[in-house]
Ligand code: SF4
């Protein structure tokens, strides 16, 4: 789910953190494919030194997705690493990190997400989720266990299928965002954008709709190519300043 935040490829991410991917998480209660792990980040969970765990599975097909290898929710037995090693990782990081981020894919497509979140809490970590809100019912179930959410909004909700290629995906995303706003849990909305598919008028329309929903923190994310390089051409500075004036917290990354 990360792009800019957002879609860092855990195998070759542009921040230079390289991690062998594909952990298979298993124990009595949890049987879950993990697509990758970034052991240290200062930018994915505001105010926390964190690691990122990538969960496989996404049924949307965003045109700019940098993690297509995480869209498939298939197990990779050759790369399987037992849950014990994941727990070893968590216990080794106690006192060094204070947060764990679940990203994807979209972690909401992992039925065991709540169980995994609670497991990570039991190690004493705060837990953040990166999601596009693909399954509102599951989001409602997991939300009370979260400490922070990075919520991806693709475009105005009416136009979602032009990005995700999935009909009615905007309905799910808007419902999830409304749940998040009501929950009182700290969050940021982030939009990965490029003028060619999200012209400034439409981005402004989106920003105004977010303000109406009482979104306070917004991040505008530049699109990266598969090599992790920023795609050239972006919005002009006066327009970005206009966006900035709408939100209490505003970031370009
Ligand atoms: S929602 Fe799915 S397809 Fe879209 S960018 Fe995120 S992982 Fe990729």
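Just so it is clear, none of the values below were taken in a lab; they were calculated from the coordinates. It should be emphasised that the depicted structure is a prediction, and the values quoted were computed from it without experimental measurement. Glycine gets a Cβ as well: all are built from the backbone with ideal geometry, and neighbour counts include every protein chain shown.
Values computed for the structure shown
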read-out	value
Shape call, region 23-252: gyration tensor on alpha carbons, a/c limit 1.5	prolate
Separation of alpha-carbon centers, region 83-138 and region 175-253, rounded to whole Å	25 Å
Among 136-144, 208-216, the order from most to least packed when residues are scored by Cβ within 10 Å on average	136-144, 208-216
Relative contact order (%) - region 23-252, alpha-carbon pairs under 8 angstrom, separation at least six	15 percent
By average C-beta atoms within 10 angstrom, highest first, the peptides 41-49, 240-248	41-49, 240-248
Hypothetical label at residue 63: residues of region 157-193 whose amide nitrogen lies under 16 Å (7 Å Cα-Cβ projection)	157-167, 192-193
Mean Cβ neighbour count within 10 Å, used as a protection proxy, ranking 109-115, 96-102, 188-194 highest first	188-194, 96-102, 109-115
Full-extension gain in nm, residue 204 to residue 179, via 0.36 nm per residue minus C-alpha separation	6.7 nm
Ranked 131, 251, criterion: other C-beta atoms within 10 Å, fewest first	251, 131
Label-to-label distance, nm, for residues given as residue 115 and residue 158 (7 Å Cα→Cβ offset)	4.3 nm
Residue 94-residue 240 pseudo-label distance in nm [points 7 Å out on the Cα-to-Cβ vector]	4.3 nm
